[in-house]
1. Explain nothing, just the number: relative contact order of region 1-158, from Cα pairs under 8 Å at least 6 residues apart, as a whole percent.
2. Please get the size of the charge dipole for the chain, origin at its Cα centre, with Cβ charges of +1 on Lys and Arg and -1 on Asp and Glu, quoted in debye to the nearest 20.
3. So what is the orientation-averaged projected area of region 122-194, using the convex hull of its C-alpha atoms, in nm²?
4. What FRET efficiency, computed as 1/(1 + (r/R0)^6) with R0 = 25 Å and r the Cβ-Cβ distance, is obtained for LEU90 and ALA118, rounded to the nearest 0.05?
5. Average the reciprocal distances over every distinct pair of alpha-carbons in region 39-141, invert the result, and give the Kirkwood radius in Å.
6. Rank THR93, THR81, THR108 by mean-square fluctuation in a GNM of the chain with C-alpha springs under 10 angstrom and give only the top-ranked residue.
7. Can you pull out the chymotrypsin sites (Phe, Trp or Tyr not before Pro) in region 77-118 that DSSP calls coil and that have at most 15 other Cβ atoms within 10 Å?
8. Put one equal scatterer on each alpha carbon of region 84-161, apply the Debye formula with no solvent term, and list log10 I(q)/I(0) at q = 0.12, 0.17, 0.22, 0.27 1/Å to two decimals.
Amino acid sequence: MAVLYNAINCFIFFGQRPPARFWTAAALGLVGIVTLFWDDLLASGWSVSLLTGIGLSALGTYGFSLGNMISMRHQRRGLETMTTNAWAMLYGTLVMGGIALFRGDSFTPEWTVTYMGALLYLALFGSVIAFGAYFTLVGRIGPGKAAYSTLLFPLVALSISTVYEGYVWHINGIVGLLLILGGNMVMFTKPETWFRRLRTA
């Protein structure tokens, strides 16, 4: 969804029209994601909790897309990515802290190696480095292309799950993988490159 949201928001806020091949690539990627997780969707029985989760995920992804637009605006104004990210994370921390206080949640962490190691990993690699790298990519190639890279995230997760959790690949997973990779080829390979390869084949 980030792919579509970013394309729409880029047009709304910056007047940028995506290239024609974008829509083909986006369709391949989205169909690939649905195909990849089709068995899981069927197994859930399309319950109310599932539909609520999908709706909240779509809303959260739109918020992520708006963050892309803000980052793009900041970079166009010459602001440093890591500096603006630091302020954004501070604002997010204050908002989430306020929500936690309202809910009466505990702020006491588990003083275990596993918990603190996971917290450190998420804070450093999953937040500071990951978002710094991603928003730098947004500034270099644009939000539309950068968001397309998010379609690869489930593939990385499933690959890790295959090694450490025994995930078994079924036919729909393989088809979904091929669709996503095909979408990447359409998105990031220029049309003239395709024609040149067809002539030399």
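Bear in mind these aren't lab numbers, they're just calculated from the coordinates by the rules spelled out. These numbers were taken from a predicted model, which means no experiment stands behind them. Cβ placement follows ideal geometry from the backbone for every residue including glycine, while neighbour counts extend to all protein chains displayed.
1. With pairs under 8 Å counted, the relative contact order is 41 percent.
2. Computed charge dipole of the chain: roughly 1120 debye.
3. 6.4
4. The formula returns an efficiency of 0.70 here.
5. 16.5
6. In the Gaussian network model the winner is THR108.
7. PHE107, TRP111
8. Evaluating at q = 0.12, 0.17, 0.22, 0.27 Å⁻¹ gives log10 I(q)/I(0) of -0.52, -0.95, -1.15, -1.20.
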